[in-house]
Amino acid sequence: MQTIQIINVTKGVVIAQQAQIATSLGMRLKGLLGRSSLAANQALVLKPCSSIHTFFMRFTIDVLFLDKNMQIIRILQNIPPNRLSPIVWGSKLTIELPASRASQTNTQVGDRIEVK
């Protein structure tokens, strides 16, 4: 997997400096499973994706759901292990972040995100 940056263009803030993108079914299914944590500068982008689960994970995460224009349409904060998110209609990709990272970066619904 290649390493990319995730930037909140609306706020001018780097959300993650070491993000990975998972586009294949196998990579998306594995997601963050097997990891013991996610550092503050890390993230996982799942594309395509309109819902996530945290079954068998070991830590809490924040999740950003983005539409086709790379705008955040929903944020789920502090999702503990063994949960299932709702389906977010219109979501084309999700970004999984360490817990509280969305609030730490003042990331909000409506912000535009750039993945590069």
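What follows draws every value from the coordinates through simple rules; no lab data is involved. Remember, it's a predicted structure, so these values are computed and weren't measured experimentally. Positions of Cβ are backbone-derived with ideal geometry, glycine not excepted, and every protein chain shown enters the neighbour counts.
Counted by Cβ distance under 15 Å from Leu64, the other residues give a net charge of +2, where Lys and Arg count +1 and Asp and Glu count -1.
Assuming R0 = 22 Å, what is the FRET efficiency of Lys47 and Asn106, from their Cβ-Cβ distance, to the nearest 0.05?
Details: r = 24 Å, r/R0 = 1.10.
The formula returns an efficiency of 0.35 here.
For the chain, the antiparallel share of DSSP beta bridges with both residues in that region comes to about 85%.
Computed over the chain with a Gaussian network model linking Cα atoms closer than 10 Å, the most mobile of Leu25, Leu46, Leu97 is Leu25.
By the rule of a C-alpha distance below 18 Å, with chain neighbours fewer than 8 residues away ignored, the lysines paired with Lys11 are Lys116. In a DSSP loop and with at most 14 other Cβ atoms within 10 Å, the trypsin sites (Lys or Arg not before Pro) in segment 45-94 are Arg58, Lys68, Arg83.
Only sites in a loop by DSSP and with at most 16 other Cβ atoms within 10 Å count here; which chymotrypsin sites (Phe, Trp or Tyr not before Pro) in segment 48-103 make the cut?
Those that pass, being in a loop and sparsely packed, are Phe55, Phe56, Phe59, Trp89.
Segment 42-109 has equivalent-ellipsoid semi-axes of 17, 14, 9 Å, by the square roots of 5 times the alpha carbon gyration tensor eigenvalues, sorted largest first.
Could you please report the charge total around Ser50, scoring K, R as +1 and D, E as -1 over all other residues with beta-carbon less than 15 angstrom from its beta-carbon? All intermediate terms of the calculation are to be shown ahead of the outcome.
Working: positive: Arg28, Lys47, Lys68, Arg74, Lys92; negative: Asp67, Glu96.
Residues near Ser50 contribute +3 overall.
Remark on Ser100: its backbone amide H falls under 5 Å from those of Asp62, Asn78, a criterion applied only to residues 5 or more positions apart or on other chains, H modelled at 1.01 Å from N. Simple spin-label estimate for Val14 and Phe59 gives 1.9 nm between the two label positions (7 Å along the Cα-to-Cβ direction from each Cα). Near Arg101: Cβ cut-off under 14 Å, other residues only, Lys/Arg at +1 and Asp/Glu at -1. The net charge is -2.
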